[in-house]
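Data first, discussion second: the structure below is written as structure tokens.
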Amino acid sequence: MTTYRYDGSFEGFLCAMAECSAMGERQPEFVQNDNPHVAGLFAGDARVVATARALALSFRKRFVGAVSQEAFATARYAFHSQNAGIELLLWRYVTLGLQVGKRLCGMLAEEPVCSVNCIARHVSHEAHKYKGFVRFQEVEAGFLYARIEPEADILPFIAPHFVGRVGDRLWMIHDLRRNQAALYDLTSWRLIRDIELTAEPALTATEHDYAALWKRYFQRHAIAERHNPGLQQKHVPLRYRKYLTEFTGQ
């Protein structure tokens, strides 16, 4: 068994799968470069796979041509779950797709299709939720700043949405759980890693005023007779509320 080490990105994983496929591997192991994990006692060679965009695009084109764009999107969502063992599960999914072609999308009751689809739906659902639950704050440094702590690595899915919605301001969406952020510079967004919050960002006076107005509106707009915390929690679960302006200070 050969261990394929890659940089942890989805593009890097596509390159690892492409090389694995070219080598005819049946029982590979995929490990991220920054993972201290060491292959098992009787493991084979370790190969470091360089991330090459052309190779990743070529493998993507091969899979989409054999199966579908929808199946590729499903694989991408599932990869960003960062679940333990997701690489091997996706390797089985991709190799099965290259074998059976377009029939893969209809094999919903069979493994690994069932598991990959289930994981992908969870990530897609969380990304959709956060499109409505991100709260930007204006900081004195001159840009909008938002904090999130999602279960999955959803920044690549929500950043394009906010480019369209808040395209006239500099902004940063900071994933505190992964110490990474999506940074928008008025022309495009990019992902930056190893970003730690060492102190509370200094907010502008205007931000404090608008936050107070929003909290007051949220508290007073509700009809007391229709207060239903159970229904509210169903639509806005507690884990999303930590950085929502309307819920802070309650």
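Just so it is clear, none of the values below were taken in a lab; they were calculated from the coordinates. Keep in mind it's a predicted model, so treat the numbers as computed, not measured. In this analysis, Cβ positions are derived from the backbone assuming ideal geometry, glycine residues included, and neighbour counts consider all displayed protein chains.
Where in the chain are the helices, taken as whole DSSP H runs, whose Cα atoms extend 27 angstrom or more along the long axis and whose Kyte-Doolittle mean reaches at least -1.0?
Values: long enough: 113-133 (30 Å, -0.18).
Helices meeting the span and hydropathy rule in the chain are 113-133.
Taking just the alpha carbons, could you work out the radius of gyration and Dmax for region 74-161, both in angstroms?
For region 74-161, the Cα-based Rg and Dmax read 16.5, 56 Å.
Would you compute, for the Cα atoms of the chain, the largest minus smallest coordinate along each principal axis and list the three values in descending order, in whole Å?
63, 40, 37
Rounded to the nearest whole Å³, what is the per residue volume of the convex hull around the Cα atoms of region 195-250?
Convex hull of Cα atoms, per residue: 105 Å³.
Beyond 22 Å, how much of the Cα-Cα pair distribution for region 134-243 remains, as a whole percent?
Counting every Cα pair in region 134-243, those more than 22 Å apart make up 42 percent.
Nearest 500 deg cm²/dmol is fine: what mean residue ellipticity at 222 nm does the chain get from its DSSP H runs of n ≥ 4 alone, each adding -39,500 (n - 2.57), divided by its residue count?
Helices in the chain give a 222 nm mean residue ellipticity of -14000 deg cm²/dmol.
About the Cα centre of region 3-124, how large is the charge dipole given +1 on each Lys and Arg Cβ and -1 on each Asp and Glu Cβ? Please answer in debye to the nearest 20.
Values: 12 positive and 11 negative charges, 89 e Å.
Computed about the Cα centre, the dipole is about 420 debye.
Where both residues lie in the chain, what percent of DSSP beta bridges are antiparallel, nearest 5?
Numbers: 13 of 25 bridges.
Antiparallel bridges make up about 50 percent of those DSSP assigns within the chain.
Could you pull out the pairs from Lys102/Lys234; Lys131/Lys242; Lys102/Lys129; Lys61/Lys129 whose alpha carbons sit more than 26 Å apart here?
Long pairs (Cα-Cα over 26 Å): Lys102/Lys234; Lys102/Lys129; Lys61/Lys129.
State log₁₀ I(q)/I(0) for region 3-124 at q = 0.18, 0.22 Å⁻¹ as given by the Debye formula over alpha-carbon point scatterers of equal weight, solvent excluded.
-0.93, -1.37
Take the alpha carbon atoms of region 50-90, find their radius of gyration, then divide it by 2.2 N^0.38 Å using N residues; give the quotient.
Region 50-90 yields a ratio of 1.22.
What's the center-to-center distance, using Cα atoms, between region 39-103 and region 167-242 in Å?
34
Among Trp214, Leu155, Trp189, flag the residue with its Cα farthest along the positive direction of the charge dipole of the chain, charges on Cβ as +1 for Lys/Arg and -1 for Asp/Glu.
Trp214
Most mobile of Ile148, Ile192, Ile86 per a Gaussian network model of the chain (Cα springs, under 10 Å)?
Of Ile148, Ile192, Ile86, the Gaussian network model singles out Ile192 as fluctuating most.
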